[in-house]
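**Student:** Here you go, one structure.
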Amino acid sequence: MTSHSIASREEWLAARRELLLAEKALTRQSDALAVQRQALPWVRVDKSYRFDTEAGAMSLKDLFQGRSQLLVYHFMFGTNYAAGCPSCSMIADGFNGFTEHLAQHDVMLWAVSRAPLQKLLGFRQRMGWSFPWASAGDSDFNADFNVYFSEAQQQSGAGEYNYQSAAIPLDALPEPVLQIAAGCGTDGPTFIQDRPGMSAFVLEGGVIYHTYSAYARGMDVLWGAYQWLDRAPKGRNESGIWWRRRGEYESMVQSPAASCCR
C-alpha cells in the first residue's frame with residue numbers, strides 16, 4: 001500500500017486546478033524576472049582574452065561568430081582534471097540540440113574551460129557532443145568572471161563566487177565534493193578551484209558588454225534533467241550522489257544527491 005494520498009479523479013482535478021493557479025503565478029513571476037534580468041546595466045569589456053578553439057586562436061569577439069549575443073557556459077574542467085565535472089556534463093548533455101536554434105536566433109553558445117583544448121575535445125568526443133568548446137587556458141577569463149580561484153586565493157579566503165565570499169574550508173570539504181573530485185581524477189581543493197556558471201555578452205557598435213552571469217543554483221533552470229524530475233511523481237528524491245556521466249551508469253540507480261555545484 002502506498003503512503004501517498006489517494007483521491008478520485010474529481011478530487012484530483014480540483015487539486016490540480018488549484019496547483020495550476022500557482023504554476024501560472026510562477027510563470028508570470030518568471031516572465032517579470034526575465035524582463036528585470038534583461039534590464040540590468042551593461043559593463044563594457046575592454047580587456048583582451050585569448051581562447052584556443054578548433055579553428056585556432058580566437059578573441060572574445062571572435063566567439064560571437066557573427067552574432068550579436070554570446071552565451072558562455074563555464075564548464076568545470078580544470079587543467080589538472082582527467083575528465084569533466086559530471087554535474088556540468090549532465091547539463092551539457094542538452095546543448096547539442098539547441099545550439100543550432102540559438103545560432104539562428106542571433107545567439108552563439110560556447111562552453112569554456114581552463115583545460116587544454118585537446119583534452120576538452122577528447123572528452124567531447126567521448127561524450128558524443130558537438131557544441132563549440134574553447135579553452136581559456138592561462139588567460140584571466142575564468143578568474144575575471146569568478147569561476148576560477150588560485151591556490152593563493154583559496155588559502156587566503158579571497159575571491160567571490162555567486163556574489164558572496166568564495167571561501168570554503170578546504171580541510172572539511174563535503175564528502176560529495178570529494179567523491180566527484182575523485183571521479184574527475186583530482187583532489188577536492190584542486191577540484192573546487194574551478195566553479196560552474198554562465199555568462200552573457202552582447203556586441204554593439206564593435207564593443208563587447210558583459211550583461212549577466214549566474215552561478216550555483218542560479219543555473220537550476222539550465223539543468224534540463226532536473227526540470228523533468230521536478231515533474232516526476234517523486235521529484236528530485238535525492239539523498240546522495242546518484243548521477244553519472246552518460247555511459248557510466250552501471251545499473252538502476254538506488255540512491256539519488258546534492259551537486260558539488262549547487
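**Student:** Kindly provide the set of residues from the range 213-244 that are outside any helix (DSSP H, G or I), on the phi < 0 side of the Ramachandran plot and of a type outside the set (Gly, Ala, Ser), ordered by number.
**Tutor:** Within the range 213-244, Tyr215, Trp223, Asp230, Arg231, Pro233, Lys234, Arg236, Glu238, Ile241, Trp242, Trp243, Arg244 meet the criteria.
**Student:** Next up: For the range 35-78, give me each residue that is small (Gly, Ala, Ser) and surrounded by 10 or more Cβ atoms within 10 Å (Cβ to Cβ).
**Tutor:** Here is the first cut: in the range 35-78, the ones small (Gly, Ala, Ser) are 39, 48, 55-57, 59, 66, 68, 78.
Selection gives Ser48, Ala55, Ala57, Ser59, Ser68, Gly78.
**Student:** Taking only the range 18-44 into account, find how many residues are β-branched (Val, Ile, Thr) and either at pLDDT below 95 or part of a helix (DSSP H, G or I) (or both).
**Tutor:** The first filter runs over the range 18-44 and keeps only residues β-branched (Val, Ile, Thr), leaving 27, 35, 43.
Checking which are either at pLDDT below 95 or part of a helix (DSSP H, G or I) (or both) leaves us with 27, 35.
Going through the range 18-44 one residue at a time, the tally reaches 2.
**Student:** Could we say that Ala15 is part of a helix (DSSP H, G or I), loosely packed, with under 11 Cβ neighbours inside 10 Å and modelled with pLDDT of 95 or more here? Full working, then the answer.
**Tutor:** Numbers: part of a helix (DSSP H, G or I): yes; loosely packed, with under 11 Cβ neighbours inside 10 Å: no; modelled with pLDDT of 95 or more: yes.
When the stated conditions are applied, Ala15 does not pass them.
**Student:** Sort out for me the strands (runs of 3 or more DSSP E) sitting completely within the range 51-90 that have 3 or more residues that are aliphatic (A, V, I, L, M) and under 26 Å from Gln38 (Cβ atoms). Quick ask: steps written out before the conclusion?
**Tutor:** On the way: elements: 51-53, 56-58, 69-74.
Hits in the range 51-90: 69-74.
**Student:** Among the residues of the range 149-161, is any at pLDDT below 95 and either among the β-branched types (Val, Ile, Thr) or closer than 20 Å to Ser48 by Cβ (or both)?
**Tutor:** no
**Student:** In this structure, does Ala115 turn out to be over 21 Å from Arg245 (Cα atoms) and aliphatic (A, V, I, L, M)?
**Tutor:** Values: over 21 Å from Arg245 (Cα atoms): no; aliphatic (A, V, I, L, M): yes.
The answer is no for Ala115.
**Student:** Exactly one of (1) out of contact with any strand residue (DSSP E or B) (no Cβ under 8 Å at 6 or more places or on another chain); (2) surrounded by 15 or more Cβ atoms within 10 Å (Cβ to Cβ) is unmet by Ala216. Its number?
**Tutor:** (1)
**Student:** Something else now. List the residue pairs whose Cβ atoms are under 6 Å apart, where the first residue sits in the range 166-187 and is surrounded by 14 or more Cβ atoms within 10 Å (Cβ to Cβ), the second is small (Gly, Ala, Ser) and part of a loop (DSSP other than H, G, I, E, B), and the two are 6 or more positions apart or on different chains.
**Tutor:** Note: pairs meeting the criteria are Ala166/Gly159; Ala167/Gly157; Pro176/Ala257; Pro176/Ala258; Cys184/Ala83.
The values are calculated or read from the model by the stated rules, or taken from the named source; none is laboratory data. Treat the numbers as computed from the prediction; the structure is a model and nothing was measured. No Cβ is skipped: glycine too gets one built from the backbone with ideal geometry, and neighbour counts run over all protein chains shown.
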